[in-house]
Ligand SMILES: [Mn+2]
């Protein structure tokens, strides 16, 4: 059972569904899934929604709050966000509930109820379980949106496990249409995204370390999509960094299934960067991100060196 009595009661209160910064499809889908079921809920995205997240949001008629209130007279539900920095500022509330599947959850205030299922391939799957346990009915829209969260977070089912397919099957039974999910998410990319991906490829440098290929590039936005595409091109590890004039930088990383299955873990590497440079890191062994301050090239280079060290320790 995922839910205790305290959590069940908290769901009866006014809900603020908080997605993480630059919210991805899984986070947005989890929020919309709950929003279709709980009338007394509001979705809040304090730092924007990714382009794919927006596509999913545009399939339903909802208002998304852009600035969280300082105090919320009810329950705050943080979705797909392993720490408060990822979705902050988090309002003061009667109860905070975190629902997440990232490897490591930390930094939440005392009294927070945490539903942590790192074996799950998406937060959307945990939302399905929560809805089932609360014995609420899943609408067709809810099912389709949750399926889009699973579809995206599993890299179109490439990282799926047995539980993923079982959840997807339940959603299909509840009326989710797989073709609709593909139509929503695989429509043509905006021009700015296409040109950014091509620039990422143009600026890419790669090196071989033993039997593994490490690629690095720099862009102004769309780091994670760029990193994912470098894996498609053949890299085993992709590091893509961006920075802004305020001195903030972001590093998005991806690793191939093959190197992850040998024990390589990007989250560990980015957590080491956070230890040296401050900022925050999080993710999964094959897909992780770092946000902090500093020179994107220098930080990316440190990460690359750490990847090399880690490769040398693989069996
Ligand atoms: Mn997720």
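Of 26, 186, 47, the residue with the greatest mean-square motion in the GNM of the chain, using alpha carbon springs below 10 Å, is 186. Comparing Cα centroids, segment 244-301 and segment 92-147 end up 25 angstrom apart. What shape does segment 1-129 have by the C-alpha gyration tensor, where a ≥ b ≥ c are the square roots of the eigenvalues, rounded means a/c under 1.5, and otherwise prolate means a/b greater than b/c and oblate the rest? Rounded, since a/c falls under 1.5. Residues considered: 114, 71, 127. Largest GNM mean-square fluctuation over the chain, using C-alpha springs under 10 Å, is found at 71. Per-residue Cβ neighbour counts within 10 Å put 232, 19 in the sequence 232, 19, beginning with the fewest. Counting only Cα atoms, the size of segment 192-312 along its three principal axes is 38, 33, 21 Å, in decreasing order.
Taking a point 7 Å out from the Cα of residue 156 in the direction of its Cβ, the residues of segment 183-218 whose backbone N falls within less than 12 Å of it are 183, 185-187. Relative to the longest principal axis of the chain, what angle (0 to 90°, nearest 10) does the C-alpha long axis of helix 140-153 take? Approximately 20 degrees, to the nearest 10. Against the chain, whose longest principal axis is taken from its Cα atoms, helix 162-173 shows a tilt of about 50°.
Of the beta bridges in the chain, as assigned by DSSP with both residues counted there, near 45 percent are antiparallel. Directionally averaged projected area (the chain, Cα convex hull): 15.8 nm². With springs only between Cα atoms under 10 Å, which of 39, 125, 180 fluctuates most in a Gaussian network model of the chain? Checking each option, the largest mean-square fluctuation is seen for 39. Among 1, 249, 204, the ranking by other beta carbons within 10 Å of each residue's beta carbon, starting with the fewest, stands as 1, 204, 249.
Extension gain for residue 66 to residue 39 (0.36 nm times residue separation, less C-alpha to C-alpha distance): 7.8 nm. In the chain, the longest principal axis of the Cα atoms and the axis of helix 191-202 are about 30 degrees apart.
Values in this text are rule-based calculations from the coordinates and carry no lab data. Keep in mind that what you see is a predicted model, and the values were worked out from it rather than measured. For neighbour counting, all protein chains shown are included, and Cβ atoms are generated from backbone atoms with ideal geometry for every residue, glycine included.
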